[in-house]
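**Q** Please see the structure below; I have some questions.
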Amino acid sequence: MNSAVESDYDVVVVGGGPGGSTLSTLVALQGYRVLLLEKEVFPRHQIGESLLPSTVHGICRLLGVTEELENSGFMKKHGGTFRWGLNAEPWTFDFSVSAKFSGPTSYAYQVERMKFDKILLDNARSKGVDVRERCEVVAVLEEENRISGVRYDDAEGVRREVRARFVADASGNKSRVHQRIGGARQYSELFRNIAVFGYFTGGKRMPAPGTGNIVCASFDLGWFWYIPLSDELTSVGAVLRREALERLRDGPREKVLAGLIDECPLIADYLSDAERVTEGPYGEVRVRKDYSYIQEKFWRPGMVLVGDAACFIDPLFSSGVHLSTYSALLAARSINTTLRGAVDEADCFREYEARYRREYDVFHDFLAAFYDLQKDEHAYFREAKSVIGSSASAEESFAELVGGGASDEKALIATAPSVSRERRADLLERSRKIHWEGSRVQVQAVFGESVGDDPLYEGGLVESPDGMHWARPEQPAT
């Protein structure tokens with residue numbers, strides 16, 4: 001095999017999914033040289049089609065893809081519908097029930113990830129990232145106890161080495177390089193599930209305005225997702241508890257999925273006149289292990305784990321893309337600040353890890369309560385209020401949590417850029433009383449500046465006014 005050594009970069013990002021595209025773009029926009037290596041060619045199939053408002057109106061606005069998403073034809077999602085717990089009838093929540101989601105940001109999108117991920121990757125290219133597809137990273141380079149670059153095979157089969165000041169692993173749950181961080185993955189005993197899923201045409205839709213809502217329905221062996229991706233196309237999957245995994249041995253996957261659908265009356269009714277897609281990228285019935293895990297360490301000198309490379313949580317609340325892109329924003333702040341020399345690298349990435357772990361923990365703790373099916377929706381609402389420590393109503397707290405992730409950081413709903421100064425001041429004042437990181441990101445995206453931040457722990461950092469760096473609380477960066 002031929003080999004070559006390339007010139008240096010400031011950052012090498014491994015993986016071109018939403019986390020990798022987001023991180024690389026937010027670092028490149030600060031003027032740094034960024035190389036993104038993706039082993040596949042986009043568009044490519046990916047699971048996880050249901051987005052949250054914080055991703056759509058926060059991260060995507062920061063990336064500059066709002067208009068492209070609006071023109072993409074993606075199905076709007078105003079909330080979700082559950083056949084869950086003690087209530088035998090389906091119940092629905094709307095993002096707009098929360099004051100922080102009311103108005104123009106009270107929706108997200110159901111997306112075909114093949115299209116959505118390509119939008120973000122192409123946007124990274126347009127923002128100055130050196131994007132290279134069909135390039136597989138085979139090794140991470142280390143010098144003097146610091147990660148210093150990667151070795152990869154390019155599209156022509158040439159093995160190359162490239163040096164960088166930072167390497168970011170955003171290559172997902174099957175990451176080959178995350179082990180260089182050190183430590184092991186700690187798997188949750190609560191969420192050792194496996195999903196079997198496929199795609200259907202002709203499935204039923206809920207009446208407006210809930211036509212685009214995700215539907216989640218529990219049944220004896222686990223639960224189903226039902227995601228309307230367009231007027232015709234629907235993603236359908238069964239998430240099976242570990243004690244039901246032997247069902248996957250009952251025959252071909254197509255037969256197993258059909259049998260599971262028959263055992264869930266709500267989903268069977270929705271698919272009564274539907275046909276499964278059998279050709280093209282959606283023609284395969286796939287299986288994915290949804291074993292939830294969290295890495296013991298998220299970073300080491302010169303390297304950081306982003307998105308699923310660091311942790312993964314059960315998909316019930318569609319948090320995958322949110323956690324990936326939110327962690328990418330946090331990692332971008334840490335890299336940008338370290339490269340600028342404003343704050344010590346260890347302090348920057350300690351902040352990254354603390355905030356990302358907190359977001360993961362919120363979803364994990366609430367999911368543990370939600371999987372108790374001996375409750376009704378009102379009990380779940382109260383549990384959400386307790387988990388995020390909100391002063392809002394229980395129903396509003398539930399919408400806040402599942403809309404994008406709760407935390408102890410100040411929050412505010414994004415409003416239209418034409419909002420009056422008086423209205424803006426009022427909303428900023430309200431943000432001092434609420435706790436929701438995702439909506440605070442939305443405000444930054446709309447107004448182009450941070451709404452303010454508090455340290456997460458004693459000696460911790462705060463977000464800089466531009467939202468792209470960390471700063472000492474006593475000396476905010478400009």
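**Q** Counting only DSSP beta bridges with both residues in the chain, what percent are antiparallel, rounded to the nearest 5? It would help to have the intermediate numbers written out before the result.
**A** On the way: 59 of 82 bridges.
Close to 70 percent.
**Q** Which residues among the range 188-208 fall inside the zone where the amide N is under 13 Å from a point 7 Å beyond the Cα of Arg286, along Cα→Cβ?
**A** 195-199
**Q** Per the helix-only calculation at 222 nm, which mean residue ellipticity applies to the chain, given -39500 (n - 2.57) for every DSSP H run of n ≥ 4 and division by its residues, nearest 500 deg cm²/dmol? Mind dumping the intermediate values first?
**A** Values: 12 runs with 140 residues, N = 478.
-9000 deg cm²/dmol, from helical runs alone.
**Q** A further question follows. Quick check on packing: order 237-247, 27-37, 298-308 by the mean number of other C-beta atoms within 10 Å, highest mean leading. Kindly include the intermediate steps, with their values, before the conclusion.
**A** Numbers: 237-247: 17.8, 27-37: 21.9, 298-308: 25.7.
For the peptides 237-247, 27-37, 298-308, the packing ranking is 298-308, 27-37, 237-247.
**Q** Accessible area of the chain with a 1.4 Å probe: how many percent of it is carbon plus sulfur? Working shown, then result.
**A** Numbers: 8570 of 18390 Å².
Exposed carbon and sulfur together represent 47 percent of the surface.
**Q** Quick one: which of 223-233, 318-328 comes out on top by average Cβ neighbours within 10 Å, and what's the full order, highest first?
**A** Numbers: 223-233: 20.5, 318-328: 28.1.
So the order, starting with the most tightly packed, is 318-328, 223-233.
**Q** Could you list, in their original order, any pairs among Lys118/Lys375; Lys77/Lys289; Lys174/Lys385; Lys39/Lys255 whose Cα atoms are separated by more than 30 Å? Can you show the working numbers first?
**A** Details: Lys118/Lys375 41 Å; Lys77/Lys289 26 Å; Lys174/Lys385 34 Å; Lys39/Lys255 32 Å.
Correct reply: Lys118/Lys375; Lys174/Lys385; Lys39/Lys255.
**Q** So if each residue of separation counts as 0.36 nm, and I subtract the Cα-Cα distance between Arg241 and Glu89, what length gain in nm does that give? Write out the running numbers ahead of the final one.
**A** Working: separation 152, 0.36 × 152 = 54.72 nm, distance 2.26 nm.
The Arg241-Glu89 span can extend by a further 52.5 nm.
**Q** Measure out, as a whole number of angstrom, how far apart the alpha-carbon centroids of the range 294-312 and the range 89-156 sit.
**A** Between the Cα centres of the range 294-312 and the range 89-156 lies a distance of 16 Å.
**Q** Follow-up question, since we're still on this one. Could you pull out which residues in the range 224-248 have an amide N less than 16 Å from a spot 7 Å beyond the Cα of Asp262, following the Cα-Cβ vector?
**A** 247-248
**Q** Report, to two decimal places, the Cα Rg of the chain normalised by 2.2 N^0.38 Å (N = number of residues).
**A** Working: Rg = 21.8 Å, N = 478, 2.2 N^0.38 = 22.9 Å.
Here the answer is 0.95, to two decimals.
**Q** Also, I was wondering about something else. Calculate the tail of P(r) for the range 182-268: the fraction of all Cα-Cα distances greater than 22 Å, expressed in %. Display every interim value, and only then the final one.
**A** Details: 1252 of 3741 pairs.
Cα-Cα pairs of the range 182-268 separated by over 22 Å account for 33 percent.
**Q** Something else about it: For the chain, what does the relative contact order come out to in percent, with C-alpha contacts under 8 Å and a separation of six or more? It would help to have the intermediate numbers written out before the result.
**A** Values: 1067 pairs, mean separation 91.2, N = 478.
Relative CO of the chain lands at 19 percent.
**Q** Could you tell me the relative contact order of the range 58-185? Use alpha-carbon pairs under 8 Å, at least six residues apart, and round to a whole percent. If you can, show how the numbers build up before the last one.
**A** Values: 128 pairs, mean separation 17.9, N = 128.
It comes to 14 percent, rounded to a whole number.
**Q** I've got another one for you. Net charge near Ile119: determine it from the other residues with C-beta under 14 Å of the C-beta of Ile119, scoring Lys and Arg +1 and Asp and Glu -1. Display every interim value, and only then the final one.
**A** On the way: positive: Arg44, Arg61, Arg113, Lys115, Lys118, Arg125, Lys127; negative: Glu49, Glu67, Glu68, Glu70, Glu112, Asp117, Asp122.
Value of the local net charge: 0.
**Q** Here's something else I'd like to know. Sequence gap at least 6, Cα distance under 8 Å: using those rules, report the relative contact order of the range 187-307 to the nearest whole percent. Write down the numbers at each step before the final one.
**A** On the way: 198 pairs, mean separation 45.7, N = 121.
Over the range 187-307, the number comes to 38 percent.
**Q** With a 1.4 Å probe and all protein chains left in place, how much accessible area per residue does the range 193-289 have, in Å²?
**A** On the way: 4280 Å² over 97 residues.
Each residue of the range 193-289 exposes 44 Å² on average to a 1.4 Å probe.
**Q** With a 10 Å radius around each residue's Cβ, average the other Cβ atoms per peptide and rank 49-62, 159-172, 276-289, 201-214, highest first.
**A** Taking the mean over residues of other Cβ atoms within 10 Å, the ranking is 49-62, 159-172, 201-214, 276-289.
**Q** What does the extension gain come out to for Asp372 and Leu190, with contour length at 0.36 nm per residue minus their alpha carbon separation? Working shown, then result.
**A** On the way: separation 182, 0.36 × 182 = 65.52 nm, distance 1.11 nm.
So the chain would gain 64.4 nm between Asp372 and Leu190.
**Q** In nanometres, what is the gap between the two model label sites at Asp269 and Arg159, each 7 Å from Cα along Cα-to-Cβ?
**A** 6.0 nm
**Q** Okay, next question. Tell me, in nm to one decimal, what length is gained between Thr211 and Glu133 on full extension, where the rule is 0.36 nm per residue of separation less the Cα-Cα distance?
**A** 24.5 nm
The values are calculated or read from the model by the stated rules, or taken from the named source; none is laboratory data. The model shown is predicted, which means the values in this text are computed figures rather than measured ones. When we count neighbours, we look across all protein chains shown, and the Cβ atoms used for this are built from the backbone with ideal geometry, even at glycine. Please note that ligands, DNA and RNA were not included when accessible areas were found on the heavy atoms of the full protein model with its side chains. Shrake-Rupley method; radii C 1.70, N 1.55, O 1.52, S 1.80 Å.
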